[in-house]
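The values are calculated or read from the model by the stated rules, or taken from the named source; none is laboratory data. Since we're looking at a predicted model, the values are computed, not measured. Glycine gets a Cβ as well: all are built from the backbone with ideal geometry, and neighbour counts include every protein chain shown. Please note that ligands, DNA and RNA were not included when accessible areas were found on the heavy atoms of the full protein model with its side chains. Shrake-Rupley method; radii C 1.70, N 1.55, O 1.52, S 1.80 Å.
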Amino acid sequence: MNDNGNNNLNGTILGNVDNNQNLTTSSISNDDVETLDSGMVNTNNTMTDSQMSNQNLSSQSQNTFFTNPPISDNVISNQSGINETPHSPATIVNEVPPIIEPTPAYTNLQNINPNPMPGFEAPGTIGTTPPISFEPEKKPKKKSNKILFIIIVLVALAAVGFGTYYVLNYTDLLEEKEQVTVTIKDLQYNLGDSLSANINDYAAISGTDTRNCSLNTTNVNVNALGIYEYTITCGDIVKTGKVTIVDNTKLVVETKVVYKVKGDTIEASEFAKETDETLTFEFVEPEVVNNLLAGDAGNYTIKLRVTSQNNKVAEVEASLIVTEYAIKGYYTCSSEGQNITDSSAVMTVSEQFAIVNDGNNGYGKIAYEIYSFKFSDETEYTSYLASYKTDNSITINNITGDTEFNDETLTITITNPKANDLVISEYGETNMEKYQTIREYFTNILGYTCVYRVQE
């Protein structure tokens with residue numbers, strides 16, 4: 001028997017049997033079916049040539065998955081060759097075999113492996129709808145932000161560190177606070193003095209800054225003798241001290257030059273530069289003064305005793321000028337003003353001469369040199385005034401003498417007596433004989449500006 005023909009027939013029959021094919025059962029007898037059935041049984045479990053051929057065909061069909069070989073025209077005419085095996089007891093020619101359900105040419109994966117590998121679903125489950133779950137979906141847990149947590153920790157540590165640094169360096173919270181103590185001082189000031197504004201002059205303070213304490217001296221009157229109270233307050237602590245106003249200052253008295261004609265009388269109070277009813281003047285040597293008035297004309301120095309209301313006593317000197325004739329007036333000649341180095345003042349130098357009532361308007365042998373300083377800077381003027389009140393004397397451009405102040409014109413005038421011998425040596429005796437010669441010399445020769453003032 002031709003094996004190739006059997007293989008082709010078997011492949012065609014297995015892969016292309018038409019279940020609707022018209023086969024007549026009359027062409028097959030029962031005996032033939034039994035003979036076929038008996039021929040297909042192998043009691044010795046030995047595969048027949050036809051079975052081996054079918055096995056090979058099955059293998060070939062498995063390799064050609066879903067392929068349909070062409071149908072031969074002699075499929076039906078060669079049906080009798082299907083069961084021609086060496087073991088077949090009979091051969092059926094030109095008869096149709098019984099209908100046998102053909103085995104598909106393709107391989108069913110479910111038959112090969114009914115339990116598919118994990119991860120691969122069976123082909124029959126493709127496209128099926130999964131079962132619906134009515135349980136609420138659980139929200140995924142939010143992951144904690146570790147970076148934010150770390151930042152918060154670092155900020156907290158930095159804040160703690162800064163707070164500790166501030167407390168240790170700028171506060172005294174960790175230090176034991178010292179108890180505040182205020183030790184009061186009893187003070188003594190001279191009459192008319194200015195009180196100190198420094199709290200340390202009134203008390204010794206410990207345990208706190210003196211800026212935390214206040215001083216009150218409104219009850220102290222420095223212009224009246226007496227004992228007064230002041231207070232120092234440091235928080236809840238209030239201390240009271242005493243200020244005693246005394247008059248320990250030296251009595252200072254200013255005097256002026258007094259002019260007298262021979263034989264005149266004089267009073268000690270005439271030498272006071274300013275009228276002060278609280279002071280009492282008297283001559284230390286009254287008899288000496290009387291002798292000077294009765295003697296020759298000239299300049300003399302006398303002594304005065306001055307007593308204040310609080311029984312303070314001072315002795316001062318004064319100048320007495322005795323003339324032959326009564327003074328009618330003074331003739332004053334002034335030079336042009338000149339600037340002073342490092343000062344806002346303009347200095348004018350004047351020469352003043354006494355004119356007496358001798359019938360000829362003669363020179364009375366009394367002269368003064370006057371320096372006038374006019375300031376344009378009020379601060380400089382005020383500074384000189386304050387210095388004079390403190391020291392009772394000032395020096396301007398190396399000039400010192402009897403000083404007067406004019407606050408309205410900011411002018412300071414310093415006057416010094418000039419000896420008659422010095423006047424004659426500087427200007428000449430013929431030029432100083434009388435009023436007319438003095439005026440001609442100073443106005444026409446020296447170019448001074450001169451003014452005559454009558455004695456009051």
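Some points to look at:
- Where labels lie 7 Å past Cα in the beta-carbon direction, separation of Leu385 and Ser335 in nm: 2.8
- Residue list for the range 209-242, given a label point 7 angstrom along the Cα-to-Cβ vector of Asp201 and an amide N cut-off under 16 Å: 215-223, 228-232, 241-242
- Amide H contacts of Leu410 (H built 1.01 Å from N, under 5 Å, at least 5 apart or other chain): none
- Estimated vicinal HN-Hα couplings, Hz - the range 331-341 in sequence order (Karplus 6.51, -1.76, 1.60; Gly, Pro = x): 10, 10, 10, 10, 7, 6, x, 9, 6, 10, 5
- Using only alpha carbons, the range 238-282 has a radius of gyration to Kirkwood radius ratio (Rg to Rh) of 1.33.
- Cα pair distances of the range 262-405 binned at 10 Å [whole percent]: 9, 27, 30, 25, 8, 0
- Point-to-point label distance, Ile147-Glu282, nm (Cα→Cβ direction, 7 Å offset): 10.7
- For the residue pairs Lys262/Lys303; Lys303/Lys389; Lys256/Lys328; Lys303/Lys374; Lys312/Lys418; Lys256/Lys434, alpha carbon separations beyond 28 Å are given by Lys303/Lys374; Lys312/Lys418.
- Distances between placed amide hydrogens fall under 5 Å for Ile394 paired with Gly401, all partners being 5 or more residues away or on another chain.
- Percent carbon-and-sulfur accessible area, the range 295-400, ignoring ligands, DNA and RNA, probe 1.4 Å: 41
- Based on protein heavy atoms only, the range 309-456 ends up with 57 Å² per residue of surface accessible to a 1.4 Å probe.
- Probe 1.4 Å - accessible area at Glu426, Å² to nearest ten: 90
- For Gly329, the residues whose modelled amide H falls within less than 5 Å of its own, excluding neighbours fewer than 5 places apart on the same chain, are Ile355, Gln455.
- Once both labels are positioned 7 Å from their Cα atoms along Cα-to-Cβ, the gap between Glu317 and Ser343 label points is 2.5 nm.
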